[in-house]
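This report concerns only the one structure given below.
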Amino acid sequence: MYIKIIDPEDNLKQFHTFSLIASDPFSDSEEWIIKAEKLKKKNIIKLNRKSFKEMMERTFFFYQSGKIEDYQNEIPDMIVYYLSVPDTAPEFLTLEKLEAYFKDAEKRLEKVESTIKKQE
């Protein structure tokens, strides 16, 4: 499973660091996957799909600070929640096919954003 965090228009430039935690909402167990890493323009997170069976929730924490001393107690400036893996998620056997899918998805997103801007 690949999760890609991209910032095509530098909208996230106020954030310098991010963390990721996996959790099980039923048992409240948690596991830190990423601990205060630098946020780049493109970030690819590779996760084992089977890991979603035990811990189906992912929480991304974004921080404005570039240096996080105590990631477990730092208050994030933005939080994004992700729950489970949908059955309709496409599966790719090569990284090249996955990257092509992401590029196509980015083009579709640009069209949607363009349409929204025209309506404003």
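Values quoted throughout were computed directly from the atomic coordinates according to the rules given, and no laboratory measurement underlies them. Every value quoted in this text rests on a predicted model; they were computed, and no experiment measured them. Using ideal geometry, Cβ is built from the backbone for each residue, glycine included, and neighbour counts are taken over all protein chains shown.
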Revision key, fill the gap. Of all chymotrypsin sites (Phe, Trp or Tyr not before Pro) in the range 1-32, the ones in DSSP coil with at most 11 other Cβ atoms within 10 Å are Phe26
Review point. Computed FRET efficiency, Cβ-Cβ of Ile75 and Asn11, R0 22 Å: what is it to the nearest 0.05?
Key: 0.55
Exercise for review: May I ask you to give the average projected area over all directions of the convex hull of the Cα atoms of the range 2-86, in nm² rounded to one decimal?
Suggested key: 5.7 nm²
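Considering Cα pairs under 8 angstrom that are at least six residues apart, work out the relative contact order of the range 49-120 and quote it in whole percent.
Numbers: 37 pairs, mean separation 19.8, N = 72.
Taking the mean separation of contacting Cα pairs over the length of the range 49-120, I get 28 percent.
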Practice item. For the chain, build the charge dipole from Cβ charges (+1 Lys, Arg; -1 Asp, Glu) around the Cα centre, then report which of Asn48, Phe60, Asn11 sits farthest towards its positive end. Key: Asn11
Review point. Does anything in the range 1-30 have its amide N under 16 Å from the 7 Å Cα→Cβ label point of Lys117, and if so which residues?
Key: 7-12
Check your understanding: Using 0.36 nm per residue, how much length does the chain from Glu106 to Leu47 gain when fully extended, once their Cα-Cα distance is taken away?
Key -> 19.1 nm
Exercise for review: DSSP loop (so not H, G, I, E, B), at most 16 other Cβ within 10 Å: list which trypsin sites (Lys or Arg not before Pro) in the range 28-62 pass both filters.
Suggested key: Lys40, Lys41, Arg49, Lys50
Point to revise | the chain - percent relative contact order, Cα under 8 Å, separation 6 or more | key: 24 percent
